[in-house]
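Asks: One structure, pasted below without further comment.
Bear in mind that the values in this text are calculations on the coordinates, not laboratory data. If you're wondering where the values come from, they're calculated on a predicted model, not measured in any experiment. Positions of Cβ are backbone-derived with ideal geometry, glycine not excepted, and every protein chain shown enters the neighbour counts.
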Amino acid sequence: MKVYIWGIGKGCEKVLHSLTKNIEILGFIDNNPRLYGHAYKGKEVLPFCHIVDDFDYIIIAVIQYKAVVFQLENENIDMQKVICYYNMEHCEINKGGIFKSEEWKIDLLKQKVDDLERIVNIRLSNVGYEIGEKILKYKFPIIKSGEEAVELILDESKSLIRFGDGEFEIMAGKERPVFQQYNDVLAKRLRDVIQSEDNRILIAIANNYGDLSIYTDEVADAIREYMTEEVRTFHNTILKPDKKYYDAYMFKCYFPYRDKSKTPERLAQIKRIWNKRNVVLVEGDKTRTGCGNDLLENVESVKRILCPTINAFSYYEEILDAVLKMDKENLILIVLGPAGKVLAFDLIQAGYQVVDIGQVDMDYEWYLANKGYRVPIENKFVSQLPPAFVEECMDIQYQEQIVARVGDTYGV
């Protein structure tokens, strides 16, 4: 029986150990372009598009397999030929006797126990803060709503800069974002920006400190896992207790929230920011905000300055110079990770109105897919999924909007 195995991460070893002896592995599939052409267990790692049709099954060895299933469904693969190793329903069927049944069941049970233990531990470690906000009146950072931020952006021409866990980790001297290596200069600049008292700037931070009931279990558990005592202590050294911050989740209208029925309302609110404005988008060259969807349908015009999707701060001066050539009547929208925070600050000092909109397009695409979990987005870089090959976008309208390209492009 001929099979491909999708994924060479930590879940793959169990899959290989559980295979019966009559299985021929044709190769390994992965979305990470950095792995292509390399050998794993004596077999080549391939992109999905390079597999041959002569196979019996594709075995998904990824623990969080739903995004891969979504990708295969969009490729019109016969899903009867797909086996998700970490799906209990597939274990009960064990198509073709590919796996040793007892070992497969034991692996799944162990995985469930590990997941349950992790969830229980992180929930217990954070429960005091979640009930403390309501009962003990813990003093957390003052975080005003996204709606209030939008009104200030519109009525008083304020600018907004968002800080997430990636920026905090860089400020703490750690590696975190997959798309930006740690840099001492960047860390210091981020500290200066977040502690700025410039009254033209609204600083947004994630509302992660107390009650998490508005978020899905998946998102809330990820927040709990991140917000350790060490992290909270560090945040307190950076943030000012009496300063008004704004909700950095304002541009994530769909995915984080338990109540997704309010997504259209949230989207309508943030789209007011660029309504009838001439917009300059400063973004990663594989980000493609608003490309292929109607997110920016209400703008007056769009120009794009494309920057490296990975390690944009390495080209900071060139990026800044490119944006400074734009007319100051434009609204500058930035989607550039940690480097974008520093860029926004410097542009505001130069007299521009700037809004750091972050991953709004990615979240909007997930809303359009309507799966409730993170899925790959065709021809766009998705920072919250494993690295993937992203093809060039030849859309004529998109190409015509590009007014400058800075630095190396991401991809293979």
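Asks: Given the options 372, 42, 146, state which has the largest fluctuation in a GNM of the chain using a 10 Å cut-off (strictly under) for Cα springs.
Replies: In the Gaussian network model the winner is 42.
Asks: Could I ask something else about it? Name the long-range amide H neighbours of residue 6: under 5 Å, sequence gap of 5 or more, or other chain; modelled H, no Pro or chain starts.
Replies: Close amide H contacts, sequence-distant or interchain: 29, 59, 60, 61.
Asks: Check which residues have an amide H placed less than 5 Å from residue 257's amide H, if you skip close sequence neighbours.
Replies: 216
Asks: Something else about it: Expressed in nm², what is the orientationally averaged projection area of the convex hull enclosing the Cα positions of segment 277-412? The partial results should precede the final answer.
Replies: Details: hull surface 31.4 nm².
Its Cα hull, projected and averaged over all orientations, spans 7.9 nm².
Asks: Here is a follow-up. Whole-Hz Karplus ³J(HN,Hα) for segment 103-109, in order, using 6.51 cos²θ - 1.76 cosθ + 1.60 and θ = phi - 60°, x for Gly and Pro?
Replies: Coupling constants for segment 103-109: 5, 4, 4, 5, 4, 5, 5 Hz.
Asks: Using a Gaussian network for the chain with springs between C-alpha atoms less than 10 Å apart, which of these wobbles most: 199, 208, 330?
Replies: With Cα springs under 10 Å in the chain, the top fluctuation among 199, 208, 330 is at 199.
Asks: Take the Cα atoms of segment 235-287, build their convex hull, and give its volume per residue in Å³.
Replies: Working: hull volume 9.4 nm³, N = 53.
Given the Cα convex hull of segment 235-287, per-residue volume reads 178 Å³.
Asks: Quick one: helix 337-349 against the long Cα principal axis of the chain, what's the angle to the nearest 10°, folded into 0 to 90?
Replies: Relative to the chain, helix 337-349 is tipped by roughly 10 degrees.
Asks: Let me ask another. Convex hull volume of the Cα atoms in segment 246-349, per residue, in Å³?
Replies: Values: hull volume 12.2 nm³, N = 104.
Per residue, the Cα convex hull of segment 246-349 comes to 117 Å³.
Asks: Nearest 10 degrees is fine. How inclined is helix 184-194 to the longest principal axis of the chain, computing both from alpha carbons?
Replies: 60 degrees
Asks: Considering the alpha-carbon set of segment 3-162 alone, what are its Rg and its Dmax in angstrom?
Replies: 22.8, 70
Asks: If I take every Cα pair under 8 Å that is 6 or more residues apart in the chain, average their sequence separation and divide by the length, what percent do I get for the relative contact order? The partial results should precede the final answer.
Replies: Details: 653 pairs, mean separation 65.9, N = 412.
Computed value for the chain: 16 percent relative contact order.
Asks: If you build a Gaussian network model of the chain, linking Cα atoms that sit under 10 Å apart, which residue out of 52, 62, 120 swings the most?
Replies: 52
Asks: If you line up the long axis of helix 360-369 against the longest principal axis of the chain, both from Cα atoms, how many degrees apart are they, to the nearest 10?
Replies: The angle comes out at about 40 degrees.
Asks: Hey, can you grab everything whose amide H is under 5 Å from the amide H of residue 309? Only 5+ residues off in sequence or another chain; H modelled, so Pro and N-termini drop out.
Replies: 285, 286, 410
Asks: What does DSSP give for segment 1-151 in terms of the percent of beta bridges that are antiparallel, rounded to the nearest 5?
Replies: 20 percent
Asks: Something else now. On alpha-carbon atoms, Rg over Rh for the chain using Kirkwood Rh? Don't skip to the answer; put the middle values down first.
Replies: Numbers: Rg = 22.9 Å, Rh = 23.2 Å.
Across the chain, the Cα-based Rg/Rh ratio is 0.99.
Asks: Let me ask another. According to the square roots a ≥ b ≥ c of the eigenvalues of the Cα gyration tensor, what is the shape class of segment 146-294, taking rounded for a/c under 1.5, prolate for a/b larger than b/c otherwise, and oblate for the remainder? List each step's numbers first, then the result.
Replies: Values: a/c = 1.42, a/b = 1.22, b/c = 1.16.
The shape class here is rounded.
Asks: Continuing with the same structure: Apply the Karplus parameterisation 6.51 cos²θ - 1.76 cosθ + 1.60, with θ equal to phi minus 60°, to every residue of segment 211-225 and state each ³J(HN,Hα) to the nearest whole Hz, in sequence, with x for glycine and proline.
Replies: With the stated coefficients, segment 211-225 comes to 5, 10, 5, 6, 9, 5, 4, 4, 5, 4, 5, 5, 5, 4, 5 Hz.
Asks: Using each residue's phi in segment 256-261, evaluate 6.51 cos²θ - 1.76 cosθ + 1.60 at θ = phi - 60° and report the 3J(HN,Hα) Karplus result to the nearest Hz, with x for Gly and Pro.
Replies: For segment 256-261, the Karplus curve yields x, 8, 5, 8, 8, 5 Hz.
Asks: Past 28 Å, Cα to Cα, is the threshold; run 66/112; 43/100; 105/380; 112/262 against it and keep the listed order. Please report the intermediate quantities before stating the final value.
Replies: Working: 66/112 16 Å; 43/100 22 Å; 105/380 37 Å; 112/262 32 Å.
105/380; 112/262, as the Cα separations exceed 28 Å there.
Asks: Among 120, 296, 222, which residue has its Cα furthest toward the positive end of the charge dipole of the chain, with +1 on Lys/Arg Cβ and -1 on Asp/Glu Cβ?
Replies: Most positive-ward Cα: 120.
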